[in-house]
Amino acid sequence: MLKLADVQFGPGAVYEGVKPQTIRAIVVAAAVFASFGFDCWVTSLVREYDADSFHAYGLAVDVDAPVEVPPQYFRLMRNAIAAQLGDHYDVVYHNGHIHIEYDVTGKDIELLKNGNRI
């Protein structure tokens, strides 16, 4: 059984304010990475200074591996993560890592920007 304690957090991974939807994404990503034989590193979580990103609201995470991973494996892992998380998440492979965000739309975005919970 995979535990959140099995995930490695990089020095830039500020987790204060992270939302439950993001915790779920991390657990799924770590399980997928493990199934491909890779450790999962969380390289970025909450970035309050980045107001144009879901990172600012604790609803996004960047994951990577501590070793060089061929891009084709990243694409396969991205697909597996997206399939397990479903339609409420956007999962993108870019700049050598996988970015996952909970897909908040409409009135929920305004609630977040005003400091409310969703």
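Could you tell me which of the residues V104, V91 is at pLDDT below 95 and either in contact with a His (Cβ under 7 Å, 6 or more places away or on another chain) or buried (at least 17 other Cβ atoms within 10 Å of the Cβ) (or both)? Just a single option satisfies the conditions, and that option is V104. Within the stretch 36-79, restricting attention to residues that are more than 19 Å from G96 (Cα to Cα) and of a type in the set (G, A, S), which residue is surrounded by the fewest Cβ atoms within 10 Å (Cβ to Cβ)? The residue in question is A51. Among the conditions (1) out of contact with any strand residue (DSSP E or B) (no Cβ under 9 Å at 6 or more places or on another chain); (2) more than 15 Å from V27 (Cβ to Cβ); (3) at pLDDT 90 or above, the only one that E48 does not satisfy is (3).
Taken residue by residue, the stretch 72-84 has no member that is assigned to a loop (DSSP other than H, G, I, E, B) and at pLDDT below 95.
Only residues that are among the hydrophobic types (A, V, I, L, M, F, W, C), modelled with pLDDT under 70, closer than 23 Å to A83 by Cβ and part of a loop (DSSP other than H, G, I, E, B) were counted across the stretch 1-25, and they come to 2.
The values are calculated or read from the model by the stated rules, or taken from the named source; none is laboratory data. Computed from a predicted structure; not experimentally measured. FYI the Cβ positions are ideal-geometry reconstructions off the backbone, even for glycines, and counts take in every protein chain you see.
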